[in-house]
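S.K.: Below is one structure. I have some questions about it.
The values are calculated or read from the model by the stated rules, or taken from the named source; none is laboratory data. These numbers come from a predicted model, not from an experiment. Because the Cβ atoms are built from the backbone with ideal geometry, glycine has one as well, and the counts that use them run over all protein chains shown.
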There are 2 protein chains.
Amino acid sequence: MTSVQGARARARIEVTAAIKDEARRQLAAEGAAKLSLRAVARELGMVSSALYRYFPSRDDLLTALIVDAYDSVGADAEAALAASRGADAPARWVAVCRAVRAWALAHPHEYALIYGSPVPGYSAPRDTVGPASRVGLTFITIAQDAHRRGSVALPPLADELRPEAARLADEFAPDLPPALVVALVAAWSQLFGMVSFEVFGQFNRMVENRDAFFTAAVRRLAHDTGLIVRPAP
Amino acid sequence: MTSVQGARARARIEVTAAIKDEARRQLAAEGAAKLSLRAVARELGMVSSALYRYFPSRDDLLTALIVDAYDSVGADAEAALAASRGADAPARWVAVCRAVRAWALAHPHEYALIYGSPVPGYSAPRDTVGPASRVGLTFITIAQDAHRRGSVALPPLADELRPEAARLADEFAPDLPPALVVALVAAWSQLFGMVSFEVFGQFNRMVENRDAFFTAAVRRLAHDTGLIVRPAP
DNA sequence: CGATTTTGAGAGCACTGCTCTTGTTTCGGC
DNA sequence: GCCGAAACAAGAGCAGTGCTCTCAAAATCG
């Protein structure tokens, strides 16, 4: 297929990767606001206009970095999920949450890029929705496994939320009870609230033992979602 | 005091206010990234260098806007708290949470400024910590009232979190049980997780009936914190 | 080989934050 | 009322930005 596609195509993907690497380096060093196309080109020994052959605009470069960042957290979350195979549902939930937090603390600027304020004129392009959902799918997988094994205690569901819950479940996990799905979405967003507060410094001079705080809170989140410990028969 | 302080000082605070107003307008229209000192000056009919007499740098202007934004949400939250006087604790919690969310949806760019990724070289200046804590203090007030009336069911507290909880309570609300304080901090950050996801578009093409979803989730947050309904004797 | 597409290089445009210098206006003490 | 000091507006200018355009070199394909 595209394997032996001439030196040209090969060079192109190499240069594209080099640009993204250097951009990621600047992102980690200075943040998205200070990411400069000219500086990236300069560091790579090319002229700024040449860079536009690879990314039609600065925002497109950022979009590429966004996709990569989503894939990076997503991969870490999935790895944590795989590594926790066999554990009970709450433990797996906590493991994935801790993986997400660890990734965020290790890549604060990339985290800010995807879970902070939308940087450009915003409106995320279509390419991002796939990678963006990988973490969420991890949680759904945990819930599905737990539900299959009967280790779910259905959380309460407010009456006025019932239609929304049914729609949500139908769209994302038809095999799961609606109450579980909406609880999952809530816990998902709440998890990122805690991670964002920590990464963005809102816990400064307040929470000290963040590891213990986070773990306890996230365990409670699992409980709220309905995930319970139930040893295999 | 500083009341009749000459036309000079008077003009200064007027110009300062005009600059902030115009900056806020541009902020709402285009976002923090595109806020331009020159454009603000242009719109105000002055030259860009003159603006530096009022704000020594662009970041200082942004800091001023940040403080104002914190005060704005804080005021709304406090108003909601005052308006809910007499209601039971969970109802008051929900009322304040809804006020915060409403403010965020009405001022998305200002919300992004204070609860999104830190924009400048970050590290919030000292002036911001006072206004920034107003919303949190609102929640502490609710908890204190509830605790005084006995309408709190203490949430569980993990052993490894006990020292942290004691320290936290001692620093922020010595009259409250430590378990309640850490639960409060967790719920506080989780609340902003949901608001951020809604404002930043993470719920797009997913949650439709966001009002019902948010209210139900936030009610559960109150329950997690230990706030319970208990009619006055 | 020749024609075509892809790439790099350079100049240039309009814009940004910010500094410095030059006059002008306002203020407080005599 | 006068006069030095402080505050101020204005303009020019610097270094940097994203992005467009043109033009030559290089790789690709018929």
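S.K.: Filter region B:15-32 down to the residues that are within 14 Å of chain A (Cβ to nearest Cβ) and either of a type in the set (Gly, Ala, Ser) or exposed (fewer than 15 other Cβ atoms within 10 Å of the Cβ) (or both) and list them by number.
M.R.: The answer is B:28, B:29, B:30, B:31, B:32.
S.K.: When you check residue B:60 against the structure, is it among the acidic types (Asp, Glu) and more than 12 Å from DNA strand C (Cβ to nearest atom), yes or no?
M.R.: In short, no.
S.K.: Suppose we filter A:70, A:54, A:111 for residues that are closer than 30 Å to residue A:151 by Cβ and buried (at least 16 other Cβ atoms within 10 Å of the Cβ); which single one remains?
M.R.: Only one candidate qualifies: A:70.
S.K.: Would a scan of region A:119-127 turn up a residue that is loosely packed, with under 14 Cβ neighbours inside 10 Å, away from every other protein chain (no Cβ under 13 Å) and more than 16 Å from DNA strand C (Cβ to nearest atom)?
M.R.: yes
S.K.: Got a sec? Which helices (runs of 4 or more DSSP H) wholly within region B:154-233 have at least 2 residues that are at pLDDT 95 or above, of a type outside the set (Val, Ile, Thr) and more than 24 Å from the chain's Cα centre (by Cα)?
M.R.: Because the criterion is at least 2 residues that are at pLDDT 95 or above, of a type outside the set (Val, Ile, Thr) and more than 24 Å from the chain's Cα centre (by Cα), the helices (runs of 4 or more DSSP H) in region B:154-233 that meet it are B:162-172.
S.K.: Can you find a residue that is within 16 Å of DNA strand D (Cβ to nearest atom) and not basic (Lys, Arg) anywhere in region A:81-102?
M.R.: No, because not a single residue in region A:81-102 is within 16 Å of DNA strand D (Cβ to nearest atom) and not basic (Lys, Arg).
S.K.: Just checking, how many residues over region B:33-51 are in a loop (DSSP other than H, G, I, E, B), surrounded by 15 or more Cβ atoms within 10 Å (Cβ to Cβ) and more than 8 Å from DNA strand C (Cβ to nearest atom)?
M.R.: Result for region B:33-51: 2.
S.K.: Oh, and also: Quick check: anything in region A:179-201 within 7 Å of chain B (Cβ to nearest Cβ) and over 22 Å from residue B:215 (Cα atoms)?
M.R.: Yes, there is a match, as at least one residue in region A:179-201 is within 7 Å of chain B (Cβ to nearest Cβ) and over 22 Å from residue B:215 (Cα atoms).
S.K.: Among the candidates B:75, B:80, B:89, which residue alone is touching a residue at least 60 places away in the same chain (Cβ under 8 Å), of a type in the set (Gly, Ala, Ser) and farther than 28 Å from residue A:27 by Cα?
M.R.: Of the residues listed, the single one that is touching a residue at least 60 places away in the same chain (Cβ under 8 Å), of a type in the set (Gly, Ala, Ser) and farther than 28 Å from residue A:27 by Cα is B:89.
The rows are residues; the columns are (1) of a type in the set (Asp, Glu); (2) away from DNA strand D (no atom under 14 Å from the Cβ); (3) touching a strand residue (DSSP E or B) at 6+ places or on another chain (Cβ under 6 Å).
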{"site": "B:24", "(1), (2), (3)": "no, yes, no"}
{"site": "B:45", "(1), (2), (3)": "no, no, no"}
{"site": "B:49", "(1), (2), (3)": "no, no, no"}
{"site": "B:56", "(1), (2), (3)": "no, no, no"}
{"site": "B:59", "(1), (2), (3)": "yes, yes, no"}
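S.K.: State yes or no: is residue B:155 of a type outside the set (A, V, I, L, M, F, W, C), at the interface with chain A (Cβ under 9 Å from one of its Cβ atoms), in contact (Cβ under 8 Å) with a residue 12 or more places away in the chain and more than 30 Å from residue B:63 (Cβ to Cβ)?
M.R.: yes
S.K.: Let me ask another. How do the pairs read when you match residues in region A:10-27 that are hydroxyl-bearing (Ser, Thr, Tyr) with residues anywhere that are not in a helix (DSSP H, G or I), using Cβ under 7 Å and keeping only pairs 6 or more apart or on different chains?
M.R.: A:16/A:54
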